[in-house]
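**Student:** Got a structure here, written out as structure tokens. Questions coming.
Here, each number is a calculation from the coordinates, and none is a lab measurement. All figures in this text were calculated on a predicted structure; none of them were measured in a lab. Here Cβ is always computed from backbone atoms with ideal geometry, including for glycine, and neighbour counts include all displayed protein chains.
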Amino acid sequence: MSMTDPVADLLTRIRNAAAEKHERVDIPASRLKANLVKVLKDQGYIKNFRILRDDAGRVSLRVYLKYDDGGASVIRGIRRISKPGIRHYAQVAKMPKVMGGIGISILTTSKGVMTSQKAAQQKVGGEILCEVW
């Protein structure tokens, strides 16, 4: 069965695993998902991730979730912005701020997947994939 929105599936699996306090979550892999998870790791929202291949040759991402000292997830919220039915784009001059600058927006640009702050520094716009806070 084909999936219409694999990025939303990734975000939902991370959100659900964090809510249930799982140490890790496995997700079917793609290059876009791996790049998105890499941005989450670079920004400190997850501990680490690995790309795994099973005996049948299927590739998956194993995402290790991060929790604070009190046991609460570092990811307080994660929301899909651009959807298959309606895409949302941001120009360089109008990069979105999440929660007054506390969170991040992740964009896909001509120079790769990056945060809105990095996209503004590199003077590129792109499609807003999600917001994390």
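**Student:** Among V124, L10, V25, flag the residue with its Cα farthest along the positive direction of the charge dipole of the chain, charges on Cβ as +1 for Lys/Arg and -1 for Asp/Glu.
**Tutor:** Looking along the dipole axis, the top candidate is V124.
**Student:** In addition: Under unit Cβ charges (Lys, Arg +1; Asp, Glu -1), what dipole magnitude, rounded to 20 debye, does region 20-118 have relative to its Cα centre?
**Tutor:** Magnitude of the dipole: close to 440 debye.
**Student:** Stick to Cα atoms and the Kirkwood definition of Rh, then tell me Rg/Rh for the chain.
**Tutor:** So for the chain, dividing Rg by the Kirkwood Rh gives 0.97.
**Student:** While we're on this one: Using Cα-Cα distances under 8 Å and only pairs 6 or more residues apart, what relative contact order does the chain have, in percent?
**Tutor:** Result for the chain is 23 percent.
**Student:** Then there is this: Using the Karplus curve 6.51 cos²θ - 1.76 cosθ + 1.60 with θ = phi - 60°, work out ³J(HN,Hα) for each residue of region 90-99 in order, rounded to whole Hz, and write x for Gly and Pro.
**Tutor:** 10, 8, 4, 6, 10, 6, x, 10, 9, 6
**Student:** If one takes the longest principal axis of the Cα atoms in the chain, at what angle in degrees, from 0 to 90 and to the nearest 10, does the Cα axis of helix 31-42 lie?
**Tutor:** The angle comes out near 80 degrees.
**Student:** Show the residues, 5+ positions off or on another chain, whose built amide H is closer than 5 Å to the amide H of V74.
**Tutor:** K66, Y67, D68
**Student:** In whole Å, how far is the Cα centre of region 17-47 from that of region 82-106?
**Tutor:** 19 Å
**Student:** Moving on to the next point. Can you list the HN-Hα couplings for region 59-66, worked out from phi with the Karplus curve (6.51, -1.76, 1.60; θ = phi - 60°), rounded to whole Hz and with x for Gly and Pro?
**Tutor:** In residue order, the calculated couplings are 9, 9, 9, 10, 9, 9, 7, 10 Hz.
**Student:** So how much slack lies between R58 and K41, counting 0.36 nm per residue of separation and subtracting their Cα-Cα distance, in nm?
**Tutor:** Extra length available between R58 and K41 comes to 3.8 nm.
**Student:** Now for a separate question. Report the one residue of Y64, A90, V37 whose Cα lies farthest in the direction of the positive end of the charge dipole of the chain (charges on C-beta: Lys and Arg +1, Asp and Glu -1; origin at the Cα centre).
**Tutor:** With unit charges placed on the Cβ atoms, the residue in question is A90.
**Student:** Can you give the calculated 222 nm mean residue ellipticity of the chain, where each DSSP H run of n ≥ 4 adds -39,500 (n - 2.57) and the sum is split over every residue, rounded to the nearest 500 deg cm²/dmol?
**Tutor:** -7000 deg cm²/dmol
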